[in-house]
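Comments concern the structure below.
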Amino acid sequence: MAARGSFRLFQNLRRGFIAPSRQIATKSGYSKSAVPVVLGTLVAGVGSYGLYKYTKKEDVTAVLESVTSTPKVTAASTPTSQPSVYSQGKNHALYLWIELEPTANAKEVVKATKSLQKMVDQVTDPSMRDEEDEIWAGVGFSPNFFKQVGGSPRQDYTYAHRRGNLGEMPSSPGDVFIHAKCNTPSKLFELAQVVLASLPKGSVKDFEDIYSFVFKNGRDLSGFIDGTENAADEDSRQNIAVQKETGGSYVITQKWIHNMQVINSEKDRTQEGWVGRAKSDSTEISRKSITSHVARMTGGNGFQQKKPFEIVRQSMPFGTLKGGAGLFFIGYSASPDNLNFMLDNMVGAGKDGPHCDDIMRLTKNIKGTYWYFPGAEELNKLG
Ligand code: HEM
């Protein structure tokens, strides 16, 4: 999936943010030349999302002034989202998956996680940060935890345990999830330490912290370019990822361990049939199997099949050779319907028949669930 949010995006970053002709120039460029565009948009009332994009102290001050005097809504009146939701990718990410003790005080836990942006600022001083050490982070909650702390989700986002002929997708426990992106991996390590230390003593039953990396300029460990069809421009990413009423986002996280033996021994042609794209340059295969990954995700095997659903993928490779390596899949969506459609189609439970996703021939899903990342204001009201 989408290493660094998008391979197209990744290409943009490497090309100094020159967007290909098909794309709209992103509003959240890292380069200083992008600042006037963003600032102009912000002054027009785009909201505090841009706060996380500036590196110069005076820019931050100007943005702060502009957002305190205007309502924190986007031009389309969508409340502000947390910084991880539709921002672009970075070279590394932290996926911190926390399971609480049943006796944990949920209100105290949520109080701590509401300070996530303060913890980010503690790790990287906002007046000194640059694109190498700035961190874009967000926190999400399981359905049960969200309700316990006074949240009311607009849609049910229960994650079902799915089984198909090519493998299972187990439903895993978890209450709180942190996603953070940064070009400096040690900052992410530090953030995980700070977050865990902030939680009430004795409240954590178990946790897993996974650190990811960009592999070969944006390829999955299978060698395929990941993120080709991922939305790259910020408006599309926001539209796809964000629930308009709240600024919140429904998020899937899945830990996949690749079968390197299969990847190294099967012919590229065979694997290309499984994915539906060429390994070298991601060209779409015109006549592809209905069981190919692309056909499963788009709901049909036509060439450039119209997509009934989209999500913003921000997945990245992770792992070690000894302990297992693969893809940490994370996708943001305005509705859980998009996620359910894709997962059902992968395990042969889709409307178009019992077709299982051939991608599961080269990788195994060992952990997964859904979260809701509340909008910034919604998050503030919890507890
Ligand atoms: C280890 C597991 C997975 C691997 C290695 C993988 C890899 C890929 C690759 C190589 C592509 C083609 C290039 C691209 O457009 O990005 C792709 C496309 C895509 N994948 Fe995955 N994927 C995995 C799991 C998933 C899951 C679990 C979902 C959804 C819940 C998903 C959703 C998508 C979507 C929506 C597309 C774009 C399809 C299109 O519009 O053409 N993938 N994936």
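Restriction of the trypsin sites (Lys or Arg not before Pro) in region 237-299 to DSSP coil positions whose beta-carbon has at most 12 other beta-carbons within 10 angstrom yields Lys267, Arg287. When the C-alpha to C-alpha distance is required to be over 30 Å, the pairs from Lys147/Lys216; Lys118/Lys306; Lys288/Lys364; Lys107/Lys187 that qualify are Lys147/Lys216; Lys118/Lys306. Residues in region 242-250 carry Karplus couplings, in order, of 10, 6, 4, 6, 10, x, x, 8, 8 Hz; the curve used is 6.51 cos²θ - 1.76 cosθ + 1.60 with θ = phi - 60°, and Gly or Pro positions show x. The charge dipole of region 230-282, taken about its Cα centre with unit charges on the Cβ of Lys, Arg, Asp and Glu (plus for the first two, minus for the last two), comes to roughly 260 debye. Phi angles across region 288-295 convert, under the Karplus curve 6.51 cos²θ - 1.76 cosθ + 1.60 with θ = phi - 60°, into 3J(HN,Hα) values of 10, 5, 5, 8, 5, 4, 4, 5 Hz, Gly and Pro given as x. Listed by chain and number, the aspartates and glutamates whose alpha-carbon sits under 14 Å from that of Lys181, ignoring those within fewer than 8 places in the same chain, are Asp121, Asp130, Glu131, Glu132, Asp133, Glu134, Glu190, Asp209.
Using R0 = 25 Å, the C-beta based FRET efficiency linking Thr103 and Ala160 works out to 0.35. By the rule of a C-alpha distance below 12 Å, with chain neighbours fewer than 8 residues away ignored, the aspartates and glutamates paired with Lys307 are Glu229.
Restriction of the chymotrypsin sites (Phe, Trp or Tyr not before Pro) in region 256-316 to DSSP coil positions whose beta-carbon has at most 16 other beta-carbons within 10 angstrom yields Phe303. Distant-in-sequence amide contacts of Asn105, defined by a placed amide H-H separation under 5 Å and a gap of 5 or more residues or a different chain, comprise nothing. Of the GluC sites (Glu not before Pro) found in region 91-172, those in coil by DSSP whose Cβ has at most 14 other Cβ atoms within 10 Å are Glu132.
Between Glu168 and Glu132, the distance separating the two model label sites (each 7 Å from Cα on the Cα→Cβ line) works out to 4.6 nm.
Bear in mind these aren't lab numbers, they're just calculated from the coordinates by the rules spelled out. In this text the structure is predicted, and so the values were computed from the model without any measurement. Please note: Cβ atoms are built from the backbone with ideal geometry, for glycine as well, and neighbour counts cover all protein chains shown.
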